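Written out below as C-alpha cells is the structure these notes cover.
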Amino acid sequence: MTLPNPAEWPVDDPVADPSRDLLAQRAAASPAATAVVDADDGGEWTYAHLDDRASARAAAAEAVADTDLDGARVGLLLGTRPAVADLYFALGRLGAGAVALNVDLPTERLRSQAERADIDLLVCEGATEDRASAVAPPGTPVASVDDPAADEVAPLAPGDPAAVPPSARPLDAERVVMFTSGTSGEPKGVRLTRRNLIASAVGSANRLGVEPGDRWLVCLPTYHMGGLAPIVRSTLYGTTTVVQREFAAEATARVLAEFDITAVSLVPTMLTRLLDAGWTPADSLRFVLLGGAPATRELVERCAERGVPACPTYGMTETASQIATATPAEAREYTDTVGRPLEPTTVTLVADDGTPLDAGESGELVVSGPTVAPGYLDGDQTAAAFDDLGFHTGDLGYADGDGRLWVVGRVDDAIVTGGENVHPARVADALRAVEGVADAAVVGLPDEEWGERVAALVVPDESESETASLTSERVRDAVGDRLAAFAVPKTVGFTDEIPRTHSGTVDRETVCERLAAVRDGA
C-alpha cells in the first residue's frame, strides 16, 4: 500500500475535513472489520463498535468535567489496555488533547507533569485510582474507567453516543502530549498534532507495507509512542490492533502465535527475552519493528538465524515515532544501520556550527518534515531544539552515499577525558564484542585528573563458562586493541542487567550511580 504524501497536505486549513477523524472515516468505510482485540480475555470490537465506544466515552468525559473540553487537556493515568483506544479517539472527537502519563513513575513526578500540562480532567483505572487524586492538580476532576472505590472519583460510565458525533478538527490541532523518557534529565512534554501522527502512520506504511489481514500486537506501554502509534496506524489502514496488557516472554510468544500476529513493536531487551525463551516466529509475522534502543550486532544475527524479520528503527517522541527504519536484509548487510529516513522525512547531518555535512562525516542529526512536533510544553526548551532547519535531536551519527543512517551516540553523552572526545556507543560496541560479555553501558564520571573518566557497566554472558573469571582487568585488556588508550574504561562494574527505561533506552542516571559506587569502593 502506498499512501498520499503528508508533505503535500495544506498547512493552513481553516475548514477542516471531517474525514480527519480517523475512526469515523474507518467506521464508515469498513464498519464490520475488527478494530481491537483484547489478548488477555479474547474480547473483540469492530470499527463500528469502537466508533460508538469513542462517542460514548466522549459524552461521559464531558459530563464528569462539566464543561466543554474543546481545546482542553485530559490526563490518562492508564496501563496498556483496550480502553486507551476508546479514550484516545474520544478526546480527539471532543477536540481535547490526551496527556499520556507513565503509571510507573513516582507520584510526585506525575503530579509535576500533570501540572506542567495544565490538565482539565484526569482519567485513571482501578490500578491507579489510589494515586490519581494526589496526581491531579487541585480542583481537577478525576474519573475512572473501572468502578471507582473512592467517593471523590467519578465513574467514566459510557454516555449517549449520539451526544458527541464526529466533528471537523484542524490537522495542526494538538492531539497528544507525551513525555520523553528523561534518561539524562527531566522528561520533556512533547506536543504532537494530528498531522504528526497521521504523517507517521503514512510514512511507516510506505516503508513496511500494509496487508488487509495485518494484526499489530501492542505490548509496549501505551503512554509511550511505541505503544500508541500502532493504534493510530491500524485505524488509518483499516487493520487490527491486538492489545496485550503486559509483556512477558512466554505469554507474548503465545499471543504472537495464537492471534496470527503480523507486526509487533518491541525494544531490544524484549526481543532478546523472547529469543532466550526459545521463541520462533510463525509464518504470519511480517516484521518486528525494533526501536527504543540500538539493536546490537549479536541480536540482529540471532534474528537472522531464527528467521525473525527484525527491522531496526530510529525514532523519537518528537517525531511521532519512526525517523528511519532498516529492512531485515539491510540490517544484516550494513552492520548497525538504522536504515533510510521514511518518506517524506528529511535528516540533515550538521557540524557544531550548523553547517551541513557530506556523506560519511559525523555530526548531529536534524530532522524535518510533517512528523516533527511543533515543540515542547516549555517554550525555552522548544527554542533550544527547534529552528528553521528542523528538530535538533541531540543524536550523533552519519550517513552513507545512499542515505542510510548510523547513530553513534548523543551530543551531550560525549565523554571528554584528558582533552580527548570519546563516544560511549562505540566503546559499548567494543565491549559487547568481548567474549563473555552480553551487554554493556558506558558513561562518563567526574575525575579530578582527567576531567571525566570512561566507565562501563557490563553484563556477563551466563552461557559462557569462563565468565566466572570475568574481571575488570580482563575486560580492559580485551578492548585494548579495539579502542584508543584514552577510550578504554578506567572503571568497570558488573550487573545482571543494564538499567533501562520502559522505552528501552539506557537509564544513564542509574548507571552513573552504580559506577560511581564502584569507583569509590562502595
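The values are calculated or read from the model by the stated rules, or taken from the named source; none is laboratory data. All values derive from a computational prediction rather than experimental measurement. Cβ placement follows ideal geometry from the backbone for every residue including glycine, while neighbour counts extend to all protein chains displayed.
Some points to look at:
- Pro230 vs. criteria part of a helix (DSSP H, G or I) and touching a strand residue (DSSP E or B) at 6+ places or on another chain (Cβ under 8 Å): yes
- Test: residue in segment 450-472 that is assigned by TED's automatic domain parsing to the domain that holds Ile498, in a strand (DSSP E or B), free of Cβ contacts under 8 Å to residues at least 24 places away in the same chain and not acidic (Asp, Glu): no
- Selection of segment 471-508 for residues being farther than 11 Å from Ala456 by Cβ and touching a Ser or Thr at 6+ places or on another chain (Cβ under 7 Å) yields Phe486, Pro499, Arg500, Thr501, Ser503, Gly504, Thr505, Val506, Asp507, Arg508.
- Residue in segment 226-238 that is farther than 22 Å from Tyr47 by Cβ, touching a Lys or Arg at 6+ places or on another chain (Cβ under 9 Å) and surrounded by 22 or more Cβ atoms within 10 Å (Cβ to Cβ) present: no
- Residues in segment 328-354 that are touching a strand residue (DSSP E or B) at 6+ places or on another chain (Cβ under 7 Å) and among the β-branched types (Val, Ile, Thr) were compared, and the one that is farthest from Thr313 (Cα to Cα) is Val350.
- The one condition in (1) outside the structural domain of Glu152 (by TED's automatic domain parsing); (2) at pLDDT below 95; (3) within 22 Å of Asp160 (Cβ to Cβ) that Thr67 fails to fulfil: (1)
- Just one of (1) over 27 Å from the mean Cα position of the chain (by Cα); (2) within 22 Å of Pro221 (Cα to Cα) fails for Val103. It is (1).
- Subset of segment 89-108 (residues that are closer than 22 Å to Glu152 by Cβ and among the charged types (D, E, K, R)): Glu108
- Pro221 satisfies every condition listed in (1) in a loop (DSSP other than H, G, I, E, B); (2) more than 27 Å from Glu174 (Cα to Cα) except (2).
- Boolean, Gly307 is closer than 24 Å to Leu431 by Cα and of a type in the set (Gly, Ala, Ser): no
- Applying the criterion of being within 24 Å of the chain's Cα centre (by Cα) and acidic (Asp, Glu) to the residues of segment 411-459, the residue that is farthest from Val518 (Cα to Cα) is Asp412.
- Just one of the listed residues (Thr313, Thr280) is outside any helix (DSSP H, G or I) and closer than 27 Å to Tyr376 by Cβ, namely Thr313.
- Test: residue in segment 498-517 that is acidic (Asp, Glu) and under 16 Å from Val437 (Cα atoms): no
Every residue, every condition in (1) more than 17 Å from the chain's Cα centre (by Cα); (2) among the aliphatic types (A, V, I, L, M); (3) not assigned by TED's automatic domain parsing to the domain that holds Glu435, yes or no:
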{"residue": "Val218", "(1), (2), (3)": "no, yes, yes"}
{"residue": "Gly226", "(1), (2), (3)": "no, no, yes"}
{"residue": "Leu236", "(1), (2), (3)": "yes, yes, yes"}
{"residue": "Thr262", "(1), (2), (3)": "yes, no, yes"}
{"residue": "Leu266", "(1), (2), (3)": "no, yes, yes"}
{"residue": "Thr280", "(1), (2), (3)": "yes, no, yes"}
{"residue": "Val288", "(1), (2), (3)": "no, yes, yes"}
{"residue": "Gly291", "(1), (2), (3)": "no, no, yes"}
{"residue": "Ala304", "(1), (2), (3)": "yes, yes, yes"}
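- Selected residue (criterion: nearest to the chain's Cα centre (by Cα)) from residues of segment 17-37 that are surrounded by fewer than 16 Cβ atoms within 10 Å (Cβ to Cβ) and without any contact (Cβ under 8 Å) to a residue 24 or more places away in the chain: Ser19
- Among the residues making up segment 382-410, a single one is assigned to a helix (DSSP H, G or I), under 25 Å from Ala293 (Cβ atoms) and more than 20 Å from the chain's Cα centre (by Cα): Ala384.
- Qualifying positions in segment 326-376 - surrounded by 15 or more Cβ atoms within 10 Å (Cβ to Cβ), in a loop (DSSP other than H, G, I, E, B) and acidic (Asp, Glu): Asp336, Glu343
- When Val288 is tested against (1) buried (at least 22 other Cβ atoms within 10 Å of the Cβ); (2) in a helix (DSSP H, G or I), only condition (2) is not met.
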